[in-house]
Amino acid sequence: MRLVHQRLRQAVELARADAAAGAPASTPSSDLLLHCWGSCLALSGHHGGEDRLLFPALTGQHPELVEVVGRLRQDHDMIESLITAFREAVERREPPASLDRHLEGLAAVVESHFGYEERQLLAVLESLDLEAPVEEVLGPLAG
């Protein structure tokens, strides 16, 4: 999980660096667009796998984590809202400073979420019995 989180953090920081440098997002081949969309897709995929596979296994084997999982699901919803707002800002071709503000907010929420998730779940994950491959549970960055 830490490795996946680190890779996702790096992807968001690459996107922020592109936005800060004033990279245009007006063409499908722009670095900003590629990094941002890639970051957003990876983040959404990671959270989707957790919601579908990891969290049901966690609460099934560790019912004491129901509240923790509830908070993490709320975070996922908030992060998806931030991703949607960012995508809309890119589509409107907002200036780089505006895009960076979107990414800064997303990065802050993601960092808080990852920190909480790691503090609450890492020890439990070591003994969790999962039936799905780790790449399916945590996303392709787990491989």
Selected residue (only one of ALA97, ALA123, ALA57, ALA132 is within 20 Å of GLU13 (Cβ to Cβ) and either assigned to a helix (DSSP H, G or I) or not β-branched (Val, Ile, Thr) (or both)): ALA97
Whichever residue in region 120-129 is under 21 Å from the mean Cα position of the chain (by Cα) and not small (Gly, Ala, Ser) and, among such residues, is surrounded by the fewest Cβ atoms within 10 Å (Cβ to Cβ): LEU122
Residue within region 60-70 that is crowded, with 19+ Cβ neighbours inside 10 Å and not β-branched (Val, Ile, Thr) present: no
Boolean, GLN10 is within 13 Å of the chain's Cα centre (by Cα), of a type in the set (S, T, N, Q) and modelled with pLDDT of 75 or more: yes
Pair list, Cβ < 7 Å and 6+ apart or interchain, from region 93-119 residues that are over 18 Å from CYS40 (Cβ atoms) to residues that are surrounded by 15 or more Cβ atoms within 10 Å (Cβ to Cβ): GLU117/LEU72; GLU118/MET1; GLU118/HIS5
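The values are calculated or read from the model by the stated rules, or taken from the named source; none is laboratory data. Quick caveat: nothing in here was measured; it's all calculated off a predicted structure. Note: ideal-geometry Cβ built from the backbone for every residue, glycine included; neighbour counts use all protein chains shown.
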